[in-house]
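> Here it is, the structure, as C-alpha coordinates.
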Amino acid sequence: MVLFKQLLKYLMPEMLKKAQITRIKKSIVDFDSERVRMIFSALGDPGRFQIFRLLLKNSDICVTDVASILGVTVPAASQQFRILELSGLVKKNRMGQLICYQIRKEDPAVAGIMELIK
(Lines give C-alpha, C1' and ligand atoms only; values in the text may rest on other atoms or scores of the structure.)
Protein backbone atom coordinates (compact mmCIF):
# COMPACT_ATOMS: atom_id res chain seq x y z
CA MET A 1 0.00 0.00 0.00
CA VAL A 2 2.82 2.42 0.87
CA LEU A 3 4.52 1.68 -2.44
CA PHE A 4 1.24 2.36 -4.28
CA LYS A 5 0.86 5.77 -2.56
CA GLN A 6 4.43 6.71 -3.46
CA LEU A 7 3.90 5.62 -7.04
CA LEU A 8 0.62 7.55 -7.22
CA LYS A 9 2.31 10.68 -5.83
CA TYR A 10 5.03 10.36 -8.45
CA LEU A 11 2.61 9.85 -11.33
CA MET A 12 0.11 12.48 -10.22
CA PRO A 13 1.84 15.54 -8.76
CA GLU A 14 -0.08 17.65 -6.28
CA MET A 15 -2.63 20.04 -7.65
CA LEU A 16 -2.19 23.75 -7.19
CA LYS A 17 -3.41 25.28 -3.97
CA LYS A 18 -6.21 27.87 -4.04
CA ALA A 19 -3.78 30.71 -3.31
CA GLN A 20 -1.60 29.66 -6.24
CA ILE A 21 -4.60 29.48 -8.57
CA THR A 22 -5.77 32.94 -7.45
CA ARG A 23 -2.30 34.40 -8.02
CA ILE A 24 -2.09 32.88 -11.52
CA LYS A 25 -5.57 34.14 -12.42
CA LYS A 26 -4.67 37.65 -11.26
CA SER A 27 -1.46 37.68 -13.32
CA ILE A 28 -3.41 36.66 -16.42
CA VAL A 29 -6.02 39.38 -15.91
CA ASP A 30 -3.38 42.07 -15.30
CA PHE A 31 -1.58 41.23 -18.52
CA ASP A 32 -2.95 43.19 -21.48
CA SER A 33 -3.21 40.14 -23.70
CA GLU A 34 -5.58 41.77 -26.19
CA ARG A 35 -3.04 44.49 -26.94
CA VAL A 36 -0.18 42.03 -27.32
CA ARG A 37 -2.33 39.88 -29.59
CA MET A 38 -3.07 42.91 -31.77
CA ILE A 39 0.63 43.81 -31.99
CA PHE A 40 1.67 40.30 -33.00
CA SER A 41 -1.24 40.06 -35.42
CA ALA A 42 -0.17 43.31 -37.08
CA LEU A 43 3.44 42.20 -37.34
CA GLY A 44 2.40 38.73 -38.53
CA ASP A 45 1.87 40.11 -42.01
CA PRO A 46 5.16 40.07 -43.98
CA GLY A 47 4.54 43.50 -45.53
CA ARG A 48 3.78 45.19 -42.21
CA PHE A 49 6.75 43.47 -40.59
CA GLN A 50 8.96 44.78 -43.39
CA ILE A 51 7.57 48.30 -42.90
CA PHE A 52 8.22 48.08 -39.15
CA ARG A 53 11.82 47.02 -39.83
CA LEU A 54 12.21 49.95 -42.25
CA LEU A 55 11.04 52.26 -39.48
CA LEU A 56 13.57 50.74 -37.09
CA LYS A 57 16.37 51.71 -39.46
CA ASN A 58 14.87 55.07 -40.55
CA SER A 59 13.27 56.90 -37.65
CA ASP A 60 10.76 58.83 -39.78
CA ILE A 61 9.56 57.57 -43.15
CA CYS A 62 6.74 58.68 -45.44
CA VAL A 63 4.08 56.53 -47.04
CA THR A 64 5.20 57.42 -50.57
CA ASP A 65 8.77 56.40 -49.78
CA VAL A 66 7.66 53.04 -48.39
CA ALA A 67 5.49 52.47 -51.46
CA SER A 68 8.51 53.11 -53.70
CA ILE A 69 10.85 50.95 -51.62
CA LEU A 70 8.45 47.99 -51.46
CA GLY A 71 7.12 48.38 -55.00
CA VAL A 72 3.47 48.75 -53.96
CA THR A 73 0.89 51.45 -54.52
CA VAL A 74 0.60 54.38 -52.12
CA PRO A 75 -2.93 53.30 -51.04
CA ALA A 76 -1.63 49.79 -50.28
CA ALA A 77 1.24 51.16 -48.18
CA SER A 78 -1.16 53.57 -46.48
CA GLN A 79 -3.48 50.69 -45.54
CA GLN A 80 -0.57 48.78 -43.98
CA PHE A 81 0.43 51.86 -41.98
CA ARG A 82 -3.17 52.29 -40.84
CA ILE A 83 -3.14 48.78 -39.34
CA LEU A 84 0.21 49.42 -37.66
CA GLU A 85 -1.20 52.65 -36.24
CA LEU A 86 -4.38 50.96 -34.95
CA SER A 87 -2.27 48.35 -33.18
CA GLY A 88 -0.35 51.14 -31.42
CA LEU A 89 3.01 50.44 -33.01
CA VAL A 90 3.41 53.68 -34.96
CA LYS A 91 2.23 57.27 -34.87
CA LYS A 92 1.38 59.55 -37.78
CA ASN A 93 3.03 62.89 -38.53
CA ARG A 94 1.58 65.13 -41.21
CA MET A 95 4.10 67.30 -43.03
CA GLY A 96 2.07 69.40 -45.44
CA GLN A 97 0.69 66.96 -47.99
CA LEU A 98 3.01 64.15 -46.87
CA ILE A 99 2.07 61.67 -44.19
CA CYS A 100 5.02 60.14 -42.38
CA TYR A 101 5.17 57.62 -39.55
CA GLN A 102 7.49 56.82 -36.70
CA ILE A 103 7.63 54.04 -34.16
CA ARG A 104 6.06 54.78 -30.77
CA LYS A 105 9.30 54.22 -28.86
CA GLU A 106 7.86 55.68 -25.66
CA ASP A 107 5.39 52.77 -25.36
CA PRO A 108 6.93 49.99 -23.20
CA ALA A 109 5.27 47.22 -25.25
CA VAL A 110 6.62 48.67 -28.49
CA ALA A 111 10.06 49.16 -26.96
CA GLY A 112 10.05 45.46 -26.00
CA ILE A 113 9.08 44.45 -29.54
CA MET A 114 11.86 46.66 -30.92
CA GLU A 115 14.41 44.88 -28.73
CA LEU A 116 13.16 41.50 -29.89
CA ILE A 117 13.44 42.43 -33.55
CA LYS A 118 16.86 44.11 -33.28
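> Quickly run through the range 98-112 and pick out the residues that are assigned to a loop (DSSP other than H, G, I, E, B) and not basic (Lys, Arg).
Correct list: Glu106, Asp107.
> Keeping to the range 1-43, report how many residues are surrounded by fewer than 10 Cβ atoms within 10 Å (Cβ to Cβ) and at pLDDT 85 or above.
0
> Within the set of pairs 6 or more residues apart or between chains, which connect a residue that is in contact (Cβ under 8 Å) with a residue 40 or more places away in the chain and more than 16 Å from Ala42 (Cα to Cα) inside the range 88-114 to a residue that is surrounded by 15 or more Cβ atoms within 10 Å (Cβ to Cβ) and not β-branched (Val, Ile, Thr) with Cβ atoms less than 7 Å apart?
So the pair list comes out as Cys100/Cys62.
> Under the condition of being touching a helix residue (DSSP H, G or I) at 6+ places or on another chain (Cβ under 9 Å) and among the small types (Gly, Ala, Ser), which residue from the range 79-96 is surrounded by the fewest Cβ atoms within 10 Å (Cβ to Cβ)?
By that ranking, first place goes to Gly88.
> For the range 99-118, give me the residue count where each residue is touching a helix residue (DSSP H, G or I) at 6+ places or on another chain (Cβ under 8 Å) and either surrounded by fewer than 16 Cβ atoms within 10 Å (Cβ to Cβ) or not hydroxyl-bearing (Ser, Thr, Tyr) (or both).
Residues in the range 99-118 being touching a helix residue (DSSP H, G or I) at 6+ places or on another chain (Cβ under 8 Å) and either surrounded by fewer than 16 Cβ atoms within 10 Å (Cβ to Cβ) or not hydroxyl-bearing (Ser, Thr, Tyr) (or both): 12 in total.
> Report yes if Ala67 is part of a helix (DSSP H, G or I) and over 15 Å from Ile117 (Cα atoms), otherwise no. Give the steps one after another, and end with the answer.
Working: part of a helix (DSSP H, G or I): yes; over 15 Å from Ile117 (Cα atoms): yes.
Yes: the conditions hold for Ala67.
> Looking only at residues that are exposed (fewer than 15 other Cβ atoms within 10 Å of the Cβ), polar (S, T, N, Q) and modelled with pLDDT of 95 or more in the range 52-78, which one is farthest from Ser33 (Cα to Cα)?
The extreme case among them is Ser68.
The values are calculated or read from the model by the stated rules, or taken from the named source; none is laboratory data. None of the values given here were measured: they were computed from a predicted structure. FYI the Cβ positions are ideal-geometry reconstructions off the backbone, even for glycines, and counts take in every protein chain you see.
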